[in-house]
Structures are given as C-alpha cells and as structure tokens.
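Here the structure comes first, spelled out in structure tokens, and everything after it is commentary.
The values are calculated or read from the model by the stated rules, or taken from the named source; none is laboratory data. In this text the structure is predicted, and so the values were computed from the model without any measurement. Note that each Cβ is placed from the backbone with ideal geometry, even for glycine, and that neighbours are counted across all protein chains shown. To get the accessible areas, we keep the full protein, side chains included, count just its heavy atoms, and leave off ligands, DNA and RNA. Shrake-Rupley method; radii C 1.70, N 1.55, O 1.52, S 1.80 Å.
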Amino acid sequence: MATLTLIGKPDCHLCDVASEIIDAVVAELPDAAAERIEIVESSIQDDPALYELWWEKIPVVLIDGELHAHWRLSPDRLRHALEEAIRADESTLQEETR
C-alpha cells in the first residue's frame, strides 16, 4: 500500500486546493490502484514537530514519507508519482511471495 500524506491546516486555501487535486487524481485511477493508496491528512496545528518542519511550506504532500510537493500540487505529476509508488509496492509484494 502506498501512503499519501497531506500536511496542512484548517482555513488554508492552498491546502483545500491540494485536497481537491488529490481526490480528483485518486478518483481517476483504476479502482485496483486507488484501493492501494492510503490518504492521511495531518495538521500542523495538531503536531508541533510538523509545524516546525513545514509551517512555511504548506500544503505539503508526502508519498511514502518522501516529499513530493509543497505550496502547489500538479495533478499530472501526482498521478505519475502515485502510479510509480503503486508499481514499486506491487514489485515488492511479488518479490516477498517468491
């Protein structure tokens, strides 16, 4: 399973836009792929460590813990990165079952 994390805060316009892009991109993926993506939303207001790391860059999107984007999110770039993450996850699962 691939994990996509959106770090933002309430009443953040760019965070709302990023969330909408994430929802749209995941909805466009085939069901089998979309089911392999876990979406986690975190707020810098709830976590001092996240605030310290990201307060001036929100919204921040991580894929499997790695920085994908901050401030602005490209739907095409996100789609490509999620497809790559899903393929990598599938490869790992196939190797583990051998």
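Here are a few things to note about the model shown:
- Here the stretch 30-48 is the region considered, the condition is being under 18 Å from SER91 (Cβ atoms) and touching a helix residue (DSSP H, G or I) at 6+ places or on another chain (Cβ under 7 Å), and the residue that is surrounded by the most Cβ atoms within 10 Å (Cβ to Cβ) is ILE37.
- Counting only strands (runs of 3 or more DSSP E) that fall entirely inside the stretch 34-77 and contain at least 2 residues that are farther than 18 Å from ASP23 by Cα and touching a Leu at 6+ places or on another chain (Cβ under 6 Å), no element qualifies.
- Considered as a group, the residues in the stretch 1-27 that are polar (S, T, N, Q) and part of a strand (DSSP E or B) include one that is nearest to GLU96 (Cα to Cα), and that residue is THR3.
- Residue pairs whose Cβ atoms lie under 6 Å apart, sitting 6 or more positions apart in sequence or on different chains, and linking a residue in the stretch 21-36 that is of a type in the set (D, E, K, R) to a partner that is in a loop (DSSP other than H, G, I, E, B), are ARG36/MET1.
- Qualifying residue in the stretch 53-76 (condition: polar (S, T, N, Q) and either touching a Lys or Arg at 6+ places or on another chain (Cβ under 8 Å) or modelled with pLDDT under 95 (or both)): no
- Among the residues of the stretch 8-28, those identified as over 17 Å from ALA81 (Cα atoms) and either touching a strand residue (DSSP E or B) at 6+ places or on another chain (Cβ under 6 Å) or not acidic (Asp, Glu) (or both) are GLY8, LYS9, PRO10, CYS12, HIS13, LEU14, CYS15, VAL17.
- Residues satisfying the stated conditions in the stretch 1-22, i.e. open to solvent by 20 Å² or more (accessible area, probe 1.4 Å) and of a type in the set (A, V, I, L, M): MET1, LEU14, VAL17, ILE21
- Looking at TRP71, TRP54, just one residue is of a type in the set (Phe, Trp, Tyr), buried (at least 16 other Cβ atoms within 10 Å of the Cβ) and farther than 15 Å from ALA2 by Cβ, and that residue is TRP54.
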